[in-house]
Amino acid sequence: MRQAVRELEAQHHAELGRLAGALVVVNDPPPPCPECAGPMLVRKTTVHGGITLAHGSFRARETVHHCAASCRKDGRMVSRRQDALAELLAPRSTVGYDVMTYVGCARFLHFQPREKIRADLITRYAITLSTGEISELAQRFLVYREALHHHRAERFKATLAADGGWPMHVDATGEDGRGTLLVVYAGWRGWVLGAWKIPTERSDAILPRLRVTAARFGTPCAIMRDLGRAVIEASTDFVAELQTSIPNLGCHFHFVRDIGKDLLGDAHDNLRAQFRRSAVRARLRTLARDLGRGLGTDMAQARHDVEAWLAQADGAHHVPVGRAGLGVTRALAQWVLDYPDDGTDLGFPFDVPYLDLYQRCRTAARAVEAFLMATPADAKVHAAITRLHHIVIATRAEPFALPVRFLESRRPLLTELRHALRVEVKANAVATTQPNDPNALAELREVEAALGTFEKSLHQRRPERGPAPDTRDAIDLILAHLDRHGTSLWGHAIPRPAELGGGVRLVERTNIILENFFGRLKRGERKRSGRKNLAADFEHLPAAAALARNLEHPDYVHLLCGSLEQLPRALAALDNANRSTSLPARHSTTANGADCDVASASMPREDRQIIRTQIAYGSPTGPGAA
C-alpha cells in the first residue's frame, strides 16, 4: 500500500512538472461599473505568470476592463481585473495566497527552516522558490494574518462576551534584553489578542496596548499579571480609567518566586561563588574522566562490579580492590556531580542546586572517611579515594558554613509559603475554565485561608528582640511582600451574568499559561534555527508571529475563516477593496511611524544599523578611527 502511494505521488509530481508554464486564458465578462453601473470595456490584455498550490506554475493571459464612461475613484480610473485570478494571486505578485499561507504556517506554526519549506514545495507541488522569496512570503503572511485578526475583531468580541467576559493575561518576554515581545492573552480561550514589539518593558509602552486591546475586544473581566513594576503601573492606570472596577490580580507563582529570590538569593550566590573559587565541580569532573580513561575497555565490567557492590547487604564500610574499587570511586564522584537530580526542575528558588551540591559533598566526605578507616590494600584505589577526599573535604571550610546556615534556616519559610499557596508545579496553572465548579471555588477559599493562617503565624514567631536577627529579617521580608501585594492575590471568582446562567468563573491564579506560551514559542524557534541563544532571532521576529499561534485553536479558526483550507480565500478578500497594490505594500507606507515608542533601550537594532555602517563618523571602523 505504501509503495502504491509513493508511486502515485511520483506520477502526480511528474504530471505537475509537465504542466508547468501552461498558458491559461482568463477573459470572463465583467460586471457593471461600481460607480455608474455602466458597461465596462476592454482596456488591455496582459500575460503574466502565476504560482499556486492548486495549479502549480502557469502563465495567464488576463483581460483587464475599465469603465466606458471613464469613472474615477480615489484619483484613479475605475478598472477591474479578472475575479478568478484575484482570488488566487495577490496584487502585483505572481505567487498565490495559498502558497503564502502554506509558507507562513510552515514557518510560524511548525517552525520549519527555509530549506525544509523550499524542499517540500518542490517535492509535493513542483513549485520552486528561492529561500529569500520564502522569507518574504513568511513576512507577508504575518501582515495579512494580523490584518484579518483585526478585521474579525467584532466576531471575537461577541464570542468573548458570550463567555461572560475574558481575563486579560499580560506579560512580556525577550532574550538577553533584546527583542522584547509584549502579549495580551485571553485566558479562558487561550487566544493571543494582541502582540507588539516594545523597546523595553515600560509602563508607558504597555498601557497604550492595553487600551487598544480593550477597545477592539471589549473590557476584560480581570487582569492577571506578574509583579514587575512596569506592568503593575500600567495595569493599575488601565483599571483606573475603566468605568467599572475589575480585579487587578498578581500571579501567585511570581509572588512566591520573588519572595524566594529575596530570601535566598544573596546566600545562594555566595555559596555558588565559594564552589567556583574552590573548583570542586571541575576537579570532580576531572577525577571521573581520569578514572574512566584508566578503566578503558573494562568500563562495562566495572559498572557491573559497582552494581554488585551496591547490592551487598552486609553494610561493611570498605572499598573493593582493583577494577571494582576504581569503579566505586568513580561512581561516588559522579553521584556528587549528579546533584541536579535532587531538584524538581522548578528552578531557583524552589530548587537550591548549590545547597544540594554542598549536602552531597558532605555525604561523600563522610563515606570516603569511612572507607579510609580501613586502608584499601590496592594502592591505585587508595590514591583515587584519597584524591576524592581532598576534593569534597573543601566544603568543610568556614566560607561555606555561613551561606549554608542562611539557606537552611530560611528555606523552610519559603516551603511553608509555597504549600500555603499550593504553588507545587511550575507548569500547572491552578484554576478552572468551567463555571460553577464548587471544587475549584472551595480550593480557592482554602488557599486564601491557608495564607491568612501562615501570615498570623509569622507575626507570632517573629522575635521582637534578642539574638535572632536573621529570622526576624526573613519574616519581615515576607510580611513586607504581603503588605505590598496582598490585595492583588485575591479576587479570582468572576460573577457571570444571569442571562448566561449565573454563578462564577475562576481566573487562573498564575500567569503560567502565558509563560508556557512563550516557552513553546522559544522552543520552536530553537528547533528552527538550531541556536540556543535567540537574541538575534527574537530581535528580528515580528510580533504578529505570536498571533499566528492562534491558528492552533479550532474555535478561533472557525471564527476567523471557517477552516484552515479557507484561510487563503479570507486573506485574498482583504485586497478586494483596493487591488492597486497589495496589503503589505499599503501597510509599509501607512504604518511607518504610526506606532512608535520612546527609544528606551540602550542599543536598539535600528541604531546599530546606523552606527555600524562603513561611513559612520567618516571611518569604516567606527568613531575615533583614523
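The values are calculated or read from the model by the stated rules, or taken from the named source; none is laboratory data. No experiment lies behind these values; they were computed from the predicted model shown. Counting neighbours? That spans all protein chains shown, and the Cβs are built from the backbone with ideal geometry, glycine included. Keep in mind that these areas ignore ligands, DNA and RNA; they rest on the heavy atoms of the full protein, side chains included. Shrake-Rupley method; radii C 1.70, N 1.55, O 1.52, S 1.80 Å.
Structure summary
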read-out	value
Size descriptor, Kirkwood hydrodynamic radius, that averages inverse alpha-carbon separations across region 481-524, Å	13.2 Å
Sites F348 and A37, calculated FRET efficiency, Cβ-Cβ separation with R0 51 Å, nearest 0.05	0.10
Contour excess over end-to-end distance, with Cα ends at H389 and S529 and 0.36 nm allotted per residue	46.0 nm
Theoretical gain in end-to-end length, D28 to H540 [0.36 nm per residue, Cα-Cα removed]	180.0 nm
Global geometry of region 79-189, whether rounded, prolate or oblate, following the gyration tensor of its Cα atoms and the 1.5 cut on a/c	oblate
Listed residue (A498, L514, H485) projecting farthest to the positive dipole end of the chain, Cβ model	L514
For region 292-428, convex hull volume per residue from C-alpha positions, Å³	152 Å³
When region 215-289 is reduced to its Cα atoms, the Kirkwood hydrodynamic radius in Å	16.2 Å
Qualifying aspartates and glutamates (Cα of each under 19 Å from Cα of K522; at least 8 residues distant if same chain)	D171, E175, D176, E201, D345, D537, E539, E552
Where Rh is the Kirkwood radius over Cα pairs, Rg/Rh for region 150-258	0.95
Globularity index of the chain, i.e. its alpha-carbon radius of gyration over 2.2 N^0.38 Å	1.28
Separation in nanometres of the label points that stand 7 Å from Cα toward Cβ, at D470 and R285	3.0 nm
Degrees between helix 512-529 axis and first principal axis of the chain (Cα, 0 to 90, nearest 10)	80 degrees
Ellipsoid semi-axes in whole angstrom, largest first, where each is sqrt(5λ) of the Cα gyration tensor of region 433-540	36, 30, 10
Surface per residue (accessible, 1.4 Å probe) for region 50-168, Å²	43 Å²
Enclosed volume per residue, in Å³, of the convex hull spanned by Cα atoms of region 264-358	125 Å³
Spin-label model distance (nm) - D338 vs I610, 7 Å beyond Cα toward Cβ	5.7 nm
Amide N of region 513-544 lying under 12 Å from the label point, which is placed 7 angstrom from the Cα of E115 along Cα→Cβ	529-530
Equivalent ellipsoid semi-axes - Cα gyration tensor, region 496-567, angstrom	32, 20, 9
Set of lysines near K261 by C-alpha distance (under 17 Å), chain-local residues within fewer than 8 positions excluded	K426
At R0 = 60 Å, FRET efficiency that the Cβ-Cβ distance of R303 and A577 yields, to 0.05	0.25
Value of [θ]222 nm, deg cm²/dmol, for the chain, DSSP H segments ≥ 4, -39500 (n - 2.57) each, nearest 500	-17000 deg cm²/dmol
Ratio of Rg to Rh over region 94-149 (Cα coordinates, Kirkwood Rh, two decimals)	0.95
T128-A54 pseudo-label distance in nm [points 7 Å out on the Cα-to-Cβ vector]	2.6 nm
Full-stretch length increase - V321, E408 - with 0.36 nm per residue and alpha-carbon distance subtracted	27.5 nm
25 Å Cα-Cα reach of K73 towards lysines, excluding residues that sit fewer than 8 places from it in its own chain	K44
Sites H459 and K261 - FRET efficiency at Förster radius 22 Å, r taken between beta-carbons, to 0.05	0.45
